[in-house]
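Asks: The structure under discussion is supplied below as structure tokens; questions concerning it will follow.
Derivation of every value follows stated rules applied to the coordinates shown; laboratory data play no part. This is a predicted model, so every value here is computed, not measured. Every residue, glycine among them, receives a Cβ derived from its backbone with ideal geometry; neighbour counts consider all protein chains shown.
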Amino acid sequence: MIVIMRMGASAEEIQSVVDRISGLGFRTHMSQGEERTIIGVIGDERPVNKDSLARMQGVERIVPILRPYKLASRDFQPHDTLIEINPLAKTGDYRGCTVGGKRLTIIAGPCAVESREQILETAQIVKEAGAHMLRGGAYKPRTSPYSFQGLGEDALVYLAEARQATGLPIVTEIMAPEQIPLLTKYADVLQIGTRNMQNYALLHAVGEAGFPVLLKRGMMCTIEELLMSAEYILSHGNRKVMLCERGIRTFETYTRNTLDINAVPVLKELTHLPVIVDPSHATGKWNLVSAVSRASVAAGADGLIVEVHPHPEKALSDGGQSLRSARFAEMMTQLRRVADAVGRTL
Ligand code: PEP
Ligand code: MN
């Protein structure tokens, strides 16, 4: 449930409600809107005496949240979450970005870091075309154990060098809780891939790490299940969660997955968290990426994560869905027009 405070409730009134809730053994989550404060009660609040809470000074009303996720829901926080990604503390070279505002966030780079040269070259390409963050896998969750698994820590060192050279914050995938100390040393956003969306140990761990997370939808998971996974992270006090629609499995085989374009407006309605679309894994085909990106922005996505490779024919993973540099630059030009038409900027 949430406790909605009256407009103009005093700091003391708010504090005494928080103290009462904490005294009952619950955690609270504060949402400071423009007009009023909303206090979320975290945990199974069924035994709480709602009437006595409702009678406290400064309380306007108590609203039960019927959805199975609470912190992620728009009932709980009506305004959009903005996530500051700021590599300044690590590199001294500031070019952070904010995810979730009017400006779209474009994350681009190769599926995997394959060499120092490859990631440095790609970082320059995507920066020049106007991307805001650099992606690149160091640890790759591959379907076959015989496929390229990533360069591990070497890849992280190259990514950090690419950030130093371009100022672009780094997004890279995490596969296990033990990787947190290493990955947070080098990266700015931890990506949880489709195969790990319901890896609860990992969700708890990134929640506790308090580090920005890009949570991808499981390829066979519902929108509600995605929000429940986000709730795990949020329930640890980590509010820096971006959701990513990357296509789901359907009977269609022409494309690698089927982009659930519905998920974009549905998520924007249900949650305040930023919504990012991955047109590369959704389609599996480079020639579809640009059109699907434009559709995603038109549908209200807050950003895109796109695979770009300077030489896709030589890529060790996902070359067939990676854009070469000129095509990525062309896509960015087209996206500017769509962004403009829907009141966003690039
Ligand atoms: C990726 O981003 O390279 C990736 C493996 O994505 P997904 O988890 O969506 O398949
Ligand atoms: Mn990939």
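Asks: Mind putting a number on the dipole of the range 83-341 about its Cα centre? Charges go on the C-beta only, +1 for Lys and Arg and -1 for Asp and Glu, and I need it in Debye to the nearest 20.
Replies: Dipole size: approximately 380 debye.
Asks: Considering only DSSP states other than H, G, I, E and B, which trypsin sites (Lys or Arg not before Pro) in the range 40-79 qualify as loop sites with at most 12 other Cβ atoms within 10 Å?
Replies: Hits after loop and neighbour filter: 55.
Asks: Now, a different point. Given contacts defined as C-alpha pairs under 8 Å and at least six residues apart, what's the relative contact order of the range 141-241, whole-number percent?
Replies: Normalised by residue count, the contact order of the range 141-241 is 21 percent.
Asks: If you don't mind, there's one more thing I want to ask. For every helix of n ≥ 4 consecutive DSSP H residues, a contribution of -39,500 (n - 2.57) applies; sum these over the chain, divide by its total residues, and give [θ] at 222 nm rounded to the nearest 500 deg cm²/dmol.
Replies: Theoretical 222 nm ellipticity from helices: -10500 deg cm²/dmol.
Asks: Now, a different point. How far apart, in nanometres, would the label points at residue 153 and residue 56 be if each is projected 7 angstrom from Cα along the Cα-to-Cβ direction?
Replies: 4.8 nm
Asks: Can you classify the range 2-63 as rounded, prolate or oblate using the Cα gyration tensor, where a ≥ b ≥ c are the square roots of its eigenvalues, rounded means a/c under 1.5, and otherwise it's prolate if a/b beats b/c and oblate if not?
Replies: In terms of gyration-tensor shape, prolate.
Asks: Okay, moving on. From the alpha carbon gyration tensor of the range 83-341, can you work out the equivalent ellipsoid semi-axes (sqrt of 5 times each eigenvalue) and give them in Å, largest to smallest?
Replies: Semi-axes from the Cα gyration tensor: 22, 22, 19 Å.
Asks: Looking only at 247, 101, 109, which one moves most when the chain is put into a Gaussian network model with springs between Cα atoms under 10 Å?
Replies: Largest GNM mean-square fluctuation: 101.
Asks: Among 85, 174, 42, which one shows the highest mean-square fluctuation when the chain is modelled as a Gaussian network with alpha-carbon springs under 10 Å?
Replies: Looking only at 85, 174, 42, the biggest GNM fluctuation is shown by 42.
Asks: A further question follows. May I have the extent of the alpha carbons of the range 121-229 along their three principal axes, as whole Å values ordered from largest to smallest?
Replies: Each principal axis gives a Cα extent; for the range 121-229 these are 38, 31, 25 Å.
Asks: Moving on to the next point. Could you let me know the centre-to-centre spacing of the range 62-85 and the range 208-239, using Cα atoms, in angstrom?
Replies: Cα centroid of the range 62-85 versus Cα centroid of the range 208-239: 13 Å apart.
Asks: With a sphere of radius 12 Å drawn around the Cβ of residue 8, what net charge do the other residues whose Cβ falls strictly inside it have (Lys, Arg +1; Asp, Glu -1)?
Replies: Local charge sum for residue 8: -1.
Asks: Specify the residue with the greatest mean-square fluctuation among 323, 273, 53, computed from a Gaussian network of the chain linking alpha-carbon atoms under 10 Å apart.
Replies: Looking only at 323, 273, 53, the largest GNM fluctuation is found for 53.
Asks: So, in Å, what gap is there between the alpha-carbon centers of the range 107-162 and the range 269-346?
Replies: With the range 107-162 and the range 269-346 each reduced to a Cα centre, they are spaced 17 Å.
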